[in-house]
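For reference, the structure is listed below as structure tokens.
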Amino acid sequence: MGYTLDFSVVWYAMPALLWGCVGTLGLALAGMTLAMMIGVAGVAARDAKSAWLRAIVIGFVEIVRNTPFLVQIFFLFFALPLVGLKLNPTATAIIALGVNGGAYAIEIIRGGVQSIHKGQIEAGYALGLHKGQVFRSIVLKPALRAIYPSLTGQFIMLTLTSSICSAVSAYELTSVAQRIESDTFRSFEVYFFVTFLYLAISWLLMSGFAIISHRFFSYPTR
Amino acid sequence: MIEMKGVQKWYGGYQALRNVDLTVRRGEKIVLCGPSGSGKSTLIRCINRLEAIQQGGIVVNGHRLDDSIKAIDVVRQDVGMVFQSFNLFPHMTVLQNCMLAPIRARRISKTEAKATAQKYLERVRIGDQAEKYPAQLSGGQQQRVAIARALCMQPKVMLFDEPTSALDPEMVKEVLDTMIGLANDGMTMICVTHEMGFARQVADRVIFMAGGQIIEEGAPNAFFRNPQHARTRQFLGEILAHH
Amino acid sequence: MIEMKGVQKWYGGYQALRNVDLTVRRGEKIVLCGPSGSGKSTLIRCINRLEAIQQGGIVVNGHRLDDSIKAIDVVRQDVGMVFQSFNLFPHMTVLQNCMLAPIRARRISKTEAKATAQKYLERVRIGDQAEKYPAQLSGGQQQRVAIARALCMQPKVMLFDEPTSALDPEMVKEVLDTMIGLANDGMTMICVTHEMGFARQVADRVIFMAGGQIIEEGAPNAFFRNPQHARTRQFLGEILAHH
Amino acid sequence: MTPQFGLPEFGFLLRGLQWTVLLTLVAFVGGCTAGLIVALLRTCGRTTVEWMVRIYIGIFQGTPLLLQLFVVYYGLALLGLKLSAFVAVAIGFTVNASAFLGEIWRGAIQAVPRGQTEAAMALGLHYSSRMRDIVLPQAIRIALPATIGYLVQLIKGTSLAAIVGFIELARAGQIISNQTYQPLLVFGVVGAMYFILCWPLSWWGSRVEARLALAGQR
Amino acid sequence: GTLEDVKKKGVVVIGIQGDNPPWGYVDSSGKQDGIDADMGRAFAEYLGVKAEFVPLAVANRIPALTTGRVDILFATMAMLPERAKAVQYSKPYVANEITLVAAQATPINSNADMGKYVIGVPRSSTQDTQVTNNAPSGTEIRRFDDDAATIQALLSGQVQAVGANLFYPQRLNAAKPELGFEPKLHFTALYNGACTRLGEKEWNETANKFIDQIKSNGKLAGFYAKWMKVAVPTFPDSIPGVPFTVQ
Ligand SMILES: Nc1ncnc2c1ncn2[C@@H]1O[C@H](COP(=O)(O)OP(=O)(O)OP(=O)(O)O)[C@@H](O)[C@H]1O
Ligand SMILES: Nc1ncnc2c1ncn2[C@@H]1O[C@H](COP(=O)(O)OP(=O)(O)OP(=O)(O)O)[C@@H](O)[C@H]1O
Ligand SMILES: [Mg+2]
Ligand SMILES: [Mg+2]
């Protein structure tokens, strides 16, 4: 076929690709932070007294979880300006990732809260603690520990999803790769190497998560 | 100290307590027994308002339990409770378990809370385990921590819901001993338990429940030797047979 | 029937059995007791090779247990086991629970398996519950199903690992009665239990373990009245104290 | 020259939807089969096999599906294995799904209480019977909500098949939006179609989950 | 495969853009349409075989050809020297013009003015190259996946100008006529050619013969009238760095 692999292009493009990794990591970390905030706030709102608030949270979760990310980010980028809210691509990407990840985080964290044995909560009440104190001091940490693997798994997915943010011209690894590809036409080499870079990013994040887990959730259980 | 009058409690359509009257004087020790599902747990959980009641009234230490948060607060601070499954908080050390409620609910200082916690941990002979996590302790030790944790709130009444039934046989004794010590110090206590030896030794009154009602009560000697009701006799026959 | 010689068992670096020798004759009933962690469960789990041993030998009904799948198969078919937590299969009815192993492991026909299952379910007085699922039964009933399920394989030996310790007090008796019936029929049995009434009534020998070793053994009367070792006396003292 | 969004355009989106459904089915059937194998190998008890499967799972969970499809379609072609677009996509999705489902099911298999396996062993049952009769029926119930959740992800993920030329729902939406210049309307409709496809599944998933939680309380 | 394989099978596989009207796109009845599609069908007819279209995105046109997924590209491939290192171009068959388009009210008169605005381009396209090369350094250039997103970005105000081809003004003004979009800067004229794999002489020669034929028999003029609504321009005989034949 006459096609020979030539990985030298990847070598020359290395600085650009590494900056792309930084972009991806930045989007991912900011997105995770936002997702976590939406997650915890959403879980609290999901059990709120106001039926309206609960309905809004449920509706939000269902809509976000059942439509593709691409449609969501297009909506944020192209539709919000119509109502006067113009966000730059990076902000759009972070919000889209945070909103998307947040909807999943709400469901995951809620599962963790529900997995806490009822006796733990009752023991808190029996000691005279109030609802908020019980949630903060007794429920939250074991709940997060219980769902930590699924939550971090979701965050890895969020990181990979950030590749779609190139659609609204956000700066991240895939968009850099596409530029390099279009300059060199060495598609296979570039994409193969970029796949490897994503793997490295995932593994880096997973080690980070493991360290956090070790630091905060390493109390002994049976 | 505790006064229950005409208490009725439903879980949905199922009536778990039927017209229960019970008065407990200061310093009195009550043992509650009865077949599974008879409403023993429900009864004591109503006393610190872990369950709401649908009819009747409960007064604890002069405070009438109604739906007001204020009343519930006061009562819960006066009433300590120990569960069958310990319910220690797994992410806190023994000491933190004991300090949490005094700091958050009684708003006392950390140093003071720590001193109190140490005192009660010594009291249940477990002061040296203060820095361990619950999972690192044996069942009997965990239950003693649970007792110390409740004591740290300096309650006026202690409720025990089958505190030894999740324990290995060897550990039962250490927990019962702790409870006996507490009883001898004059604590007002209501214990759900099937440890009849314990009942004989410390109870002022033994109460037998079945089907959500109090069927029979009496001083331990009279109760064990000469139960009045057929249901009580059957129950005692079964639980004492294999001992 | 069962012969263990110089058995040593490690979990990683922890030695759970130290040089255990034990001979059980056909029809003999053994009660195994001892403090938590002493290796009782480990010992009986070695007999049907749920745990591999690192040194020594075990012969069951003439078959030497080695690593060959064949030997393990034969022995497991000869040895029935009942666990503390029943371990019934929740997605199958009582009848299906009892029929599965005979059909799959003994390869007998469905009709035959059904007849056998019915027979043993009647035997443990639970024939009328055959179509229910485990979750619909009380703990005592579940444990009796577990016994019937083991019996359906027509084992030569039955192992019981604390069969009554997860039960409500009222249900203990019905399970013990079933076991007593089995003993009277001449089944070879090894029971880990702390029900000393049961031990007195059926055991030919009581064995006391501590720290992975057999410390003492003897006929029940001698064992309870006059234990030889200090450790045994301490243990008996504790578990009998509160009864 | 510029058509408005009307019935023919809607029909075009529906044809895209057909591809989305077909791709989902193929990926799901392939993924379930391969995922079961992955899950069984991952729990087989042999350290080397388990490690190899872990690496397999790590690679396919750790890289974007977009790039995986690209590598299968164009990469294998470079090595002389030229697959039709449909086969390539089927393989790409199968491999990806097998990693995710394999991991979900491994968790479920390990969540079946150890006592169940031990009871089965004590009754003299062999590996195949233990898995088929005891462990898998219980694991499937445990894994059902997560599996349904993944199926929803998969439906949305088929939009990536556009990279090798499939005109499925998302791509069809892009094309129509390019012809009508009404992207908001078009993507609104596309989003609604995905929602109609995914939401009943999600709903079923949460019902199953609630039922399992209830059963677990007993 | 080789030309011979194609004739034996009776099908030529043609790579084309799937969503870029009026060059190449799939219409709402699912039929491949546009000037490139007409070119492709005429080429198949010329070979005496059937045409099978593979719709491609901007980014995977070249890989599809080099890995043998398609036999030939009629896929809006502007003839650029860098690309000529990866694929073999034929003679040009259509012309395109790359401009910078903005609303009437946006004052852009020189390349330097671009620095004051956010400019949108489709990633990896000729517009991308032209804007990147001509804009002062430091200009904020946003790269989108395709023409549709680029146009939408201008319409929704996310960017103030776009690197455009011949058809952008027409499309933009159809959506928001009140803004009066117009070309502000003219960068370059570009020619598109058919692409075959490097070194495959037979394919290249056939493509060139085909293009010569439709230029002379008026077929190309027909396509131009139908899609571009302008007369066929004169095509250059050579483009620096882009050979039309296999060397
Ligand atoms: N949250 C609940 N919802 C519905 N029914 C309940 C609930 N809690 C308890 N019940 C029912 O109320 C009855 C009394 O329960 P309770 O726990 O008080 O019994 P108990 O005497 O403590 O039994 P045990 O010895 O098994 O602990 C039982 O029939 C039980 O099924
Ligand atoms: N799978 C295992 N891995 C490591 N250690 C184990 C394992 N199973 C048991 N052990 C250890 O081996 C020792 C003996 O355990 P075993 O379960 O046989 O005790 P036991 O006498 O049955 O106690 P119990 O009365 O609590 O059931 C204990 O110290 C226990 O911690
Ligand atoms: Mg109870
Ligand atoms: Mg044991």
Report yes if A:T4 is surrounded by fewer than 18 Cβ atoms within 10 Å (Cβ to Cβ) and either farther than 14 Å from A:S162 by Cβ or out of contact with any Cys (no Cβ under 6 Å at 6 or more places or on another chain) (or both), otherwise no. yes
C:H194 fails exactly one of (1) within 13 Å of chain B (Cβ to nearest Cβ); (2) modelled with pLDDT under 90; (3) more than 21 Å from C:C46 (Cα to Cα), namely (3)
Checked B:V75, B:V82 against criteria (in contact with a Phe, Trp or Tyr (Cβ under 7 Å, 6 or more places away or on another chain), within 13 Å of another protein chain (Cβ to nearest Cβ) and of a type in the set (A, V, I, L, M, F, W, C)); the one match is B:V82
Within region A:63-99, the residues that are small (G, A, S), touching a Gly at 6+ places or on another chain (Cβ under 9 Å) and within 11 Å of another protein chain (Cβ to nearest Cβ) are A:A79
The correct count of residues that are crowded, with 18+ Cβ neighbours inside 10 Å and in contact with a Pro (Cβ under 7 Å, 6 or more places away or on another chain) in region C:98-137 is 3
Within region E:140-174, residues being part of a helix (DSSP H, G or I), within 10 Å of another protein chain (Cβ to nearest Cβ) and under 18 Å from A:F74 (Cα atoms) number 8
Among helices (runs of 4 or more DSSP H) completely within region A:103-222, the ones holding 1 or more residues that are away from chain E (no Cβ under 14 Å) are A:118-126, A:140-161, A:187-216
Q.
Kindly evaluate D:T147 against the criterion of being touching a helix residue (DSSP H, G or I) at 6+ places or on another chain (Cβ under 7 Å), more than 14 Å from chain C (Cβ to nearest Cβ), at pLDDT 90 or above and under 25 Å from A:S162 (Cα atoms).
A. yes
Inside region D:1-23, the number of residues satisfying the requirement of being surrounded by 19 or more Cβ atoms within 10 Å (Cβ to Cβ) and of a type in the set (D, E, K, R) is 1
In region D:24-42, anything crowded, with 18+ Cβ neighbours inside 10 Å and either polar (S, T, N, Q) or closer than 28 Å to D:Y181 by Cα (or both) is listed as D:T24
Counting only residues that are under 19 Å from C:E238 (Cβ atoms) and more than 14 Å from chain C (Cβ to nearest Cβ), region B:157-191 contains a total of 1
- prompt: Residue check: is D:I142 at pLDDT below 90 and out of contact with any strand residue (DSSP E or B) (no Cβ under 6 Å at 6 or more places or on another chain)?
  reply: yes
By residue number, the members of region D:113-140 that are crowded, with 18+ Cβ neighbours inside 10 Å and more than 7 Å from chain C (Cβ to nearest Cβ) are D:T117, D:A120, D:R130, D:M131, D:V135, D:L136, D:A139
Taking region B:175-195 and the residues there that are hydrophobic (A, V, I, L, M, F, W, C) and touching a strand residue (DSSP E or B) at 6+ places or on another chain (Cβ under 8 Å), the one that is farthest from ligand 4 (Cβ to nearest atom) would be B:M187
Checking A:I138, A:I156 in turn, the sole residue that is farther than 19 Å from A:P68 by Cα and either in contact (Cβ under 8 Å) with a residue 60 or more places away in the chain or aliphatic (A, V, I, L, M) (or both) turns out to be A:I138
Residues of region E:190-229 being of a type outside the set (D, E, K, R), loosely packed, with under 15 Cβ neighbours inside 10 Å and in a helix (DSSP H, G or I), in sequence order, are E:Q213, E:S216, E:A221, E:G222, E:A225
Residues in region D:167-186 that are in contact with a Ser or Thr (Cβ under 8 Å, 6 or more places away or on another chain) and either outside any helix (DSSP H, G or I) or surrounded by 22 or more Cβ atoms within 10 Å (Cβ to Cβ) (or both) total 9
C:F83 fails exactly one of (1) in contact with a Lys or Arg (Cβ under 8 Å, 6 or more places away or on another chain); (2) buried (at least 20 other Cβ atoms within 10 Å of the Cβ); (3) farther than 18 Å from D:R132 by Cβ, namely (1)
C:I214 passes all but one of the listed conditions (1) within 14 Å of chain B (Cβ to nearest Cβ); (2) within 16 Å of ligand 2 (Cβ to nearest atom); (3) of a type in the set (A, V, I, L, M, F, W, C); (4) not in a loop (DSSP other than H, G, I, E, B); the exception is number (1)
Residue hits (region B:33-69; within 14 Å of chain C (Cβ to nearest Cβ) and closer than 14 Å to B:I190 by Cβ) are B:C33, B:G34, B:K40, B:S41
The condition of being of a type in the set (A, V, I, L, M, F, W, C), in contact with a helix residue (DSSP H, G or I) (Cβ under 6 Å, 6 or more places away or on another chain) and away from every other protein chain (no Cβ under 14 Å) holds, among C:V202, C:V206, only for C:V206
In region A:79-113, anything under 30 Å from B:M99 (Cα atoms) and either more than 22 Å from the chain's Cα centre (by Cα) or among the hydrophobic types (A, V, I, L, M, F, W, C) (or both) is listed as A:I109, A:V113
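The values are calculated or read from the model by the stated rules, or taken from the named source; none is laboratory data. Because the structure is predicted, anything quoted here is derived from the model rather than measured. Positions of Cβ are generated from backbone atoms using ideal geometry, with glycine treated the same way; all protein chains shown enter the neighbour counts.
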